[in-house]
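Bear in mind these aren't lab numbers, they're just calculated from the coordinates by the rules spelled out. The model shown is predicted, which means the values in this text are computed figures rather than measured ones. Cβ sites come from the backbone with ideal geometry, for glycine too, and all protein chains shown count toward neighbours.
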Amino acid sequence: MIATLLGQAWHAMGANKLRTFLTMLGMVIGVAAVVLMTAIGQGAQLAVAESINSMGANLFIVLSGSTTSGGVRAGGGNAPTLTLADAAAIRDLPGVAEVAPVHPGSGQIVYGSSNWSTSVFGVTPGYLDVRRWSLQSGTSFGDSDLRSATRVALIGRTVAQNLFGAEDPVGKTLRIRNNPFVVVGVLAPKGQSLDGRDQDDTVLVPLSTAQRKLFGVSFQGSVRMINVQTESAEAMPLVEREMIALLRQRHRLRENQDNDFFVRNLTAVADSAAETTRVMSLLLGAIASVSLLVGGIGIMNIMLVSVTERTREIGIRMAIGARERDILLQFLLEAVIISVVGCMIGLALGIGGALLVNALASTAVVISGASVLLAFGVAATVGIFFGFYPAQKAARLDPIEALRYQ
Amino acid sequence: MSSPPVIRVSALCKSYSTPAGDFPALKGVDLRIEAGDFVAVMGPSGSGKSTFMNLLGCLDRPSSGEYLLDGRAVSRMDKDELARVRGRLIGFVFQGFNLLPRMSLQDNVAMPLVYANVDRAERRTRARAMLEKVGLGAYAESLPNRISGGQQQRVAIARALVNAPHLILADEPTGNLDSQTSEEVMALFEALNREGITIVLVTHEADVAAHARRLVRFRDGLIIHDGAHDGLGRHE
Ligand SMILES: Nc1ncnc2c1ncn2[C@@H]1O[C@H](COP(=O)(O)OP(=O)(O)O)[C@@H](O)[C@H]1O
Ligand SMILES: [Mg+2]
């Protein structure tokens with residue numbers, strides 16, 4: 001019976017191929033859009049998750065900040081209000097796991113005939129732990145390097161590629177701002193940060209070396225920023241409060257004075273970035289779903305036309321023994337075939353499009369089985385939902401009225 | 001005979017609602033048709049013949065009155081049962097043939113079997129056999145528009161017969177045919193009647209009515225004559 005009905009539906013659809021194709025096209029575009037958009041959305045979410053992971057967990061950044069001088073406030077990190085002693089004091093706070101003071105700067109790096117401009121960070125050995133950064137080759141510098149301000153450097157992969165090409169950088173000497181540095185290690189690749197910077201385009205040197213031999217500081221022991229890692233996510237609010245209180249006290253700020261430093265909760269920033277991409281991918285999916293809905297309405301429209309056109313046929317079928325449910329099934333089946341076949345073509349196009357995006361763009365695109373299944377289920381549902389009303393209209397026709405229809 | 005008449009109607013009325021108010025097309029028809037009879041229905045245009053046939057064929061419901069088909073009250077049947085009756089007990093032949101244009105003749109003939117849940121192989125054999133019977137076995141795979149009107153009507157008769165009904169209702173089956181083909185179609189009806197199938201047939205032509213055993217005349221929604229073929233029709 002079903003085989004016969006399928007055959008009849010196929011026949012009816014074949015009778016008006018262009019119309020069937022156009023109706024199907026609505027479904028095809030809808031499903032392809034849903035698959036592609038969710039793939040792009042999930043790819044974006046994955047990328048964000050990866051950069052959050054590369055950033056390090058439970059992180060604060062404390063920036064030395066604006067001293068108010070004559071009503072003019074300098075931007076964060078410019079005035080040297082933080083010191084190494086502040087960093088040491090923060091480390092002693094309960095809930096703090098690690099503290100990594102940083103002196104950021106930049107410079108021209110030269111190796112042989114190649115040169116490269118990049119950021120140069122003065123850091124302590126603990127920085128690598130806080131940022132969950134490992135080495136691809138070589139070794140890190142240690143506390144002794146920090147004490148004696150040796151000229152050693154860790155370089156990121158981008159720097160290594162641009163200066164050394166295929167050569168092994170470890171043990172080679174390069175020049176940073178004309179000072180010779182020995183490369184002791186190459187950092188493992190980290191990829192893009194949340195704000196889209198290439199995290200591998202960097203050079204790390206001991207903090208003391210950066211301060212004394214590369215950039216110079218206004219006064220001994222000052223730092224521009226301190227990375228603070230807490231023991232757990234739960235500890236973050238407490239640490240934030242305690243840290244602010246501690247720094248205010250250490251900087252002898254009076255009640256009515258503003259902080260001369262900034263505390264940024266990087267984890268909160270990361271969370272909101274993750275939330276943003278999640279909402280964005282939901283939104284993409286929702287917009288794509290609208291096109292699926294429009295496709296469904298297209299099916300309903302055409303099925304209604306088809307029922308009207310075939311009123312006489314329906315009358316004949318009823319006159320020779322078709323029951324309401326036979327007619328209902330016949331038209332419903334046509335709608336479902338259109339939507340399911342359209343869905344399959346749409347899936348193929350959507351997946352093809354996602355693979356194409358993957359191949360052409362560097363952004364990741366993730367096709368999940370769940371989204372494919374979902375699209376398929378939605379298509380069948382759309383077919384049944386939007387096919388039902390016209391099919392029911394056909395089935396409810398009065399035999400004699402239908403036969404009289406010209 | 002203890003078996004009930006195939007058709008028994010009493011005080012059958014049918015009104016159509018029109019913009020000008022209810023129009024009574026049938027005003028109380030009584031009729032009894034025994035199994036194996038061959039009845040010709042005649043009457044001027046608009047006298048209610050088609051209305052009556054549609055009621056007999058369970059395509060429409062009467063406004064009032066009783067209709068017993070094989071002794072069963074049609075008014076008490078639900079929609080599915082009516083569909084079953086239309087598919088299995090009655091074969092309806094229309095003036096305009098009413099074949100489905102995009103289906104082969106064989107598929108057209110086999111269609112009532114689809115709704116009677118007969119399997120594909122059996123449908124094929126029975127549809128073939130019916131086409132052979134009406135002399136169109138060679139055209140099984142053709143489409144309806146490839147054959148003449150007389151041939152189409154024979155296909156429609158084959159479709160009406162395929163589910164072995166014992167009642168054939170035909171509303172002006174020869175109305176669109178020339179006299180030569182009309183004779184062929186009527187010969188077919190006569191042969192079927194000899195096999196024991198009850199036939200009720202509407203016609204305008206006395207020649208056609210002459211094939212029947214009994215004549216019923218309608219005028220203004222009422223039966224004005226019912227009897228053995230009296231030759232009256234020949235003067236119409
Ligand atoms: N669907 C309808 N709506 C309104 N009036 C109708 C309808 N069908 C038939 N009639 C009227 O009922 C009367 C009988 O029609 P019909 O049974 O078709 O007559 P016949 O077949 O004898 O020519 C006619 O006057 C016709 O105009
Ligand atoms: Mg008529």
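Observations on the model:
- Distance between the pseudo-spin-label points of A:Gln392 and B:His166 (7 Å out from Cα toward the beta carbon): 4.0 nm.
- With an a/c value of 1.5 or above and a/b not larger than b/c for the gyration tensor axes a ≥ b ≥ c computed over the alpha-carbon atoms, region A:160-308 is described as oblate.
- Other protein chain Cβ atoms within 10 Å, averaged over every residue that makes up B:107-114: 4
- Inter-chain Cβ neighbour average for residues B:49-56, partner chain, 10 Å: 1
- For region B:45-51, putting each phi into the Karplus relation 6.51 cos²θ - 1.76 cosθ + 1.60 with θ = phi - 60° gives couplings of 4, x, 7, x, 4, 5, 4 Hz, in residue order, rounded to whole numbers and with x for Gly and Pro.
- Ordering of A:308-314, B:88-94, A:135-141 by packing [mean C-beta count within 10 Å, highest first]: B:88-94, A:308-314, A:135-141
- Mean residue ellipticity at 222 nm, helices only, chain A: -18000 deg cm²/dmol; runs of at least 4 DSSP H residues each add -39,500 (n - 2.57), and the sum is divided by the number of residues.
- Residue order, fewest to most beta carbons within 10 Å, for B:Arg120, B:Arg214: B:Arg120, B:Arg214
- Total charge dipole magnitude, the protein assembly as shown, about the Cα centre, Cβ charges on Lys, Arg, Asp, Glu only, Debye to nearest 20: 860 debye
- For region A:80-259, the Kirkwood hydrodynamic radius from C-alpha pairs, put into Stokes-Einstein at 37 °C and a viscosity of 0.692 mPa s, yields a diffusion coefficient of 190 µm² per second.
- Protection-proxy order for peptides A:293-299, A:266-272, A:354-360, each taking the mean of Cβ atoms within 10 Å per residue, highest first: A:293-299, A:266-272, A:354-360
- Over 29 Å (Cα to Cα) - which of B:Lys49/B:Lys79; A:Lys393/B:Lys133; B:Lys14/B:Lys133; A:Lys393/B:Lys27 fall in this group: A:Lys393/B:Lys133; B:Lys14/B:Lys133; A:Lys393/B:Lys27
- 17 Å reach of a label modelled at A:Arg197, 7 Å along Cα-to-Cβ, counting backbone N of region A:220-243: A:224-228
- Remark: mean inter-chain Cβ contacts per residue of A:294-305 equal 0, using a 10 Å Cβ-Cβ cutoff to other protein chain atoms.
- Under 5 Å, built H, 5+ apart or other chain: amide partners of A:Val152: A:Val182
- Each residue of region A:27-36 was assigned a 3J(HN,Hα) from its phi angle through the Karplus expression (A = 6.51, B = -1.76, C = 1.60, θ = phi - 60°), giving 5, 4, 5, x, 5, 4, 5, 4, 4, 5 Hz with x at Gly and Pro.
- Relative contact order [Cα under 8 Å, 6+ residues apart], chain A, whole percent: 29 percent
- Close amide-amide hydrogen proximity is noted between A:Gln136 and A:Val186, A:Leu187, A:Ala188, each under 5 Å apart and 5 or more residues distant or on a separate chain (H modeled in the peptide plane; Pro and chain starts excluded).
- C-alpha long axis of helix A:369-395 to longest principal axis of chain A, angle in °: 30 degrees
- Principal-axis tilt of helix A:236-250 within chain A, Cα atoms, nearest 10 degrees: 30 degrees
- In region A:220-281, taking the dipole from charged Cβ atoms about the Cα centre, the farthest positive-side position among A:Ala235, A:Val269, A:Leu246 is held by A:Leu246.
- Separation of the A:Ala188 and A:Ala359 label points, Cα + 7 Å toward Cβ, nm: 3.2 nm
- Helical contribution to [θ] at 222 nm, DSSP H n ≥ 4, -39,500 (n - 2.57), averaged over chain B, rounded to 500: -9500 deg cm²/dmol
- Build a GNM of chain B with springs between Cα atoms under 10 Å apart, and of B:Gly71, B:Gly150, B:Gly43 the one that fluctuates most is B:Gly71.
- Normalised contact order of chain B, rounded percent, pairs of Cα under 8 Å and 6 or more residues apart: 28 percent
- Between 0 and 90 degrees, the angle of helix A:2-14 with respect to the longest Cα principal axis of chain A falls at about 80 degrees.
- Amide H contacts of A:Arg224 (H built 1.01 Å from N, under 5 Å, at least 5 apart or other chain): A:Val102
- Counted charge near A:Gly156, where neighbours are those whose Cβ lies closer than 10 Å (Asp, Glu -1; Lys, Arg +1): -1
- Environment charge of B:Leu100, counting only residues whose C-beta is closer than 12 Å and scoring Lys/Arg +1, Asp/Glu -1: +3
- Judged by the ratio a/c of the largest to the smallest principal axis of the C-alpha gyration tensor, region B:86-206 counts as oblate, that ratio being 1.5 or greater while a/b is no larger than b/c.
- Placing unit charges on each Cβ (+1 for Lys and Arg, -1 for Asp and Glu) gives the protein assembly as shown a dipole about its Cα centre, and among A:Ala379, B:Phe94, B:Ala73 the Cα reaching farthest toward its positive end belongs to A:Ala379.
- Per-selection Kirkwood Rh - the protein assembly as shown (Cα, Å, 1 d.p.): 32.5 Å
- As a length-normalised measure over Cα pairs under 8 Å and 6 or more apart, the relative contact order of region B:42-181 settles at 32 percent.
- Across region A:292-298, rounded Karplus estimates of 3J(HN,Hα) from the backbone phi angles (6.51 cos²θ - 1.76 cosθ + 1.60, θ = phi - 60°) give 5, 4, 4, x, x, 5, x Hz, Gly and Pro being marked x.
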